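The values are calculated or read from the model by the stated rules, or taken from the named source; none is laboratory data. Small disclaimer: the values here were computed from a predicted structure and weren't measured. Ideal geometry is used to build each Cβ from the backbone, glycine not excepted, and the neighbour counts take in all protein chains shown. For the accessible areas, the whole protein counts, side chains as well, though only heavy atoms, and no ligand, DNA or RNA atoms are used. Shrake-Rupley method; radii C 1.70, N 1.55, O 1.52, S 1.80 Å.
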Amino acid sequence: MLTIINGTNKKPTASNKLMELFNKYKDELQGTLFIGYPIIGTSKGLHSFDATFVSERHGLIIFDVQETRLLDKNFKSNQDDSFNKMEAKLKSYDDLNKGRELMVNIIPITYAPFINDVNHKDDFDEIYPLCDDSNLIGFIKSLRSSYEPIYHKHLLSVLHSISNIRKNKNSRDINNDKSRGARLQELEQSIANLDNSQAEAVLQMANGVQRIRGLAGSGKTIVLALKVAYIHVQHPDWKIAVTFHTRSLKNQFKRLINTFVFEHAHAEPDWSKIHIIHSWGSHSSSGIYYKFCVEHQLPTIYDFQSARNKFGFNNAFSGACDLALREYKAKGKKFKTYDVIVVDESQDFSPSFLNICYEMLDNNKKLIYAYDELQNLNSQSLPSPEEIFGNDESGNPRVVIRNSEYQKNDIILEKCYRNSKPVLTAAHALGFGIYREPSTTLKTGIVQIFENNNLWIEVGYEVTGGELLEGKSVVLERNDETSPTFLVENFDIDDLIVFKTFEENTAQATWIANEIIKNIREDELRADDIIVINPNPFTTKKNIGLIRKILYENQINSHLTGDDISQDNFFNEEEDSITFTGVFRAKGNEAGMVYVINAEECYGSNSESNSNIATNRNRLFTAITRSKAWVRVTGIGENMDKLNNEFEEVKSRNFKLSFVYPTVEQKEKIKTINRDVSEQEQKIIDSASNILNEFISGVQSKKLFLDDLPPEILEALKREISKP
């Protein structure tokens, strides 16, 4: 299989010819053709390769691309220079060498498609090959790589700049090759390379707006960090912003970008050109929203508390952004702040925030936004670009995303590299309520579902039974392509996910603490391999106290993110420490072992109505999908037993989603009944419910009568109750 990934170089015309030629022979060539990649740092500065072809069959081919009609007489020295720089790069990696010998064969080729006298077969020099369209493919097919498959895998890791990511982590001390630590190390080493979709997302510098979609665990954050590094190295004068919702992502982005830029350029990034900046911000900590308001001298700037008071808790940020855009348009003055803005976690933002980012760019509008279609599991996906960015003065959409053969403005990352099939499918089953007890009102237990049924297919599920249509039975399953098998190899399925019910909190806390102690002292897991998540952010500090106390008594350190350490950090980088967190700060982070405590709070609603049940299920889904190996879901009482029953159901079906897809009418009712409501709205609902309960009790006891109600209220009630 041939993959062509179009990056950026200074020879677009000849590079397009090279891509067209490779595409013509795509059934005969195997490997990946990169345009404008890699870029490596040398003693004389950066060296950018015009193109490279990486093939297990043919070896590593590096191209000197000639754009002119006159042959550069120095093409042989150009080949020597490229060869020596690539060899020096690869020789520095132990995994690519055996003794003193580099185990990868490097073949330099000059490709000159516009020169008439290139093809002299009689004097063709295999040491300094000079090719055009007539002989290039034949020459490549004659080449045979001399290295073993394992070296091809290491080569890809080096070229993708992934090889040093995990070297920044603390080393593992493995004494038992069957321990959890050993299995986790094998798993991490298996995820050594970018797949083709990820590589495309990194290297493609699309014209205008680009969106990148993928599940949790599909590598979005690493892809975005690599992309920022690549853009920065290619265009060191550009000002780039990286923004996000979860503050604990800040230092993760900084570490990754620093690693990747150093891999490319052997130098630190110029941090005056790269701003890793939170979405909101304040006078003490800059953010995109705050910067936008200040630079355009808008009359109203909100912090969280004032925005919450004005727009309500759930709409605080979106309300502030909406007003900022209206005030900005009224002023009519525009300032270019950045050349590129990269937005992670876009599913957590309203369209108004993305529009603020759009307005902070110059006319090239290089906005890259990434999001997870399934992160919130709500019925509405992020709106289309046409809806988000609206129309111009002529009534035409300001943003239309289209893909061409070599230009991708819309990239989907289908593979999930964090969660195994059992973990991800179980998380979706619980998040959607696929196997929840049916309610009498809805005739289904499902608490939320997509309006666009095809989203299931786009994010890596396939229909293995029934039909993906409203009112029809369907079976959905992840395959080996979208959930790679190595994520479950050498793992006991029954050990990957464990649900456990306790009668009271002390028993739960004691069990979790003892399990963590065992993880550290016997399982050879590191402290940063473990996360404890409390899904309800308002009860986290209270609920984790006893667990932390037991760990402290056993000389094991722990910390609460955003409380004991900086809000910009998630793991404690200063010392070995178990991470405790609420669910929101956990987003964007991962660990080998995840404990989800007090999960019973996610079964249903926190009130007598069904409002906010979808939010609670989303929290459970997010918590479970932080795990790249094992999950322990614990809770107390009857609701935890019910969650356990749902898990046992998906497990008994071999981790498939088998259900009757809700009808259009059911979808509307699900959306209404299980919708998010504000604290004030919930008080009104609870108060009305109490009043109605008292009235009905009075009618049943014959102390009150329906005729006691004013006629207009009685008629209104009858009309509402009789509605379908």
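Regarding region 192-205, can at least one residue be identified that is closer than 22 Å to Trp630 by Cα, small (Gly, Ala, Ser) and open to solvent by 10 Å² or more (accessible area, probe 1.4 Å)? Yes, that holds for at least one residue.
Pairing each residue of region 13-32 that is open to solvent by 60 Å² or more (accessible area, probe 1.4 Å) with any residue that is part of a helix (DSSP H, G or I), provided the two are 6+ apart or on different chains, yields C-beta distances under 6 Å for Tyr25/Ile137. The residue that is surrounded by the most Cβ atoms within 10 Å (Cβ to Cβ), counting only those in region 477-508 that are aliphatic (A, V, I, L, M) and closer than 23 Å to Tyr603 by Cα, is Ile497. Of all the numbered requirements in (1) without any contact (Cβ under 8 Å) to a residue 60 or more places away in the chain; (2) of a type in the set (A, V, I, L, M, F, W, C); (3) open to solvent by less than 20 Å² (accessible area, probe 1.4 Å), Leu96 misses one, and that requirement is (1).
Within region 295-310, identify whether any single residue is within 19 Å of Pro383 (Cα to Cα) and among the polar types (S, T, N, Q), and answer yes or no. Scanning region 295-310 turns up no residue that is within 19 Å of Pro383 (Cα to Cα) and among the polar types (S, T, N, Q). Of everything in region 260-293 that is of a type in the set (Ser, Thr, Tyr) and assigned to a helix (DSSP H, G or I), the residue that is farthest from the chain's Cα centre (by Cα) is Tyr290. Against the test of being among the β-branched types (Val, Ile, Thr), closer than 21 Å to Ile401 by Cα and more than 13 Å from the chain's Cα centre (by Cα), the options Val209, Val223 yield a single qualifying residue, Val209. Of the residues in region 243-251, not one is of a type in the set (Val, Ile, Thr) and farther than 25 Å from Tyr358 by Cα.
Restrict the check to region 367-390 and report whether at least one residue is in a helix (DSSP H, G or I), more than 24 Å from Asn453 (Cα to Cα), at pLDDT below 95 and small (Gly, Ala, Ser). Checked region 367-390: no residue is in a helix (DSSP H, G or I), more than 24 Å from Asn453 (Cα to Cα), at pLDDT below 95 and small (Gly, Ala, Ser).
Going through (1) more than 30 Å from Thr510 (Cβ to Cβ); (2) modelled with pLDDT under 95; (3) outside any helix (DSSP H, G or I) one by one, Ala629 falls short only on (1).
When Ile516, Ile512, Ile457 are checked against the criterion of being among the aliphatic types (A, V, I, L, M), assigned to a helix (DSSP H, G or I) and closer than 30 Å to Val660 by Cα, a single residue qualifies: Ile457. Take region 338-352 and flag every residue that is over 18 Å from Lys250 (Cα atoms) and not in a strand (DSSP E or B). Residues satisfying the conditions are Ser350, Pro351, Ser352. Select from region 176-194 the residues that are more than 22 Å from the chain's Cα centre (by Cα) and either under 23 Å from Glu574 (Cβ atoms) or at pLDDT 90 or above (or both) and list them in ascending order. Selection gives Asn176, Ser179, Arg180, Gly181, Ala182, Arg183. Selection over region 245-304 of residues that are buried (at least 20 other Cβ atoms within 10 Å of the Cβ) and at positive phi gives a count of 1.
Out of all the residues in region 588-609, which are open to solvent by 20 Å² or more (accessible area, probe 1.4 Å) and either in a strand (DSSP E or B) or modelled with pLDDT of 85 or more (or both)? Within region 588-609, Glu590, Glu600, Glu601, Tyr603 qualify.
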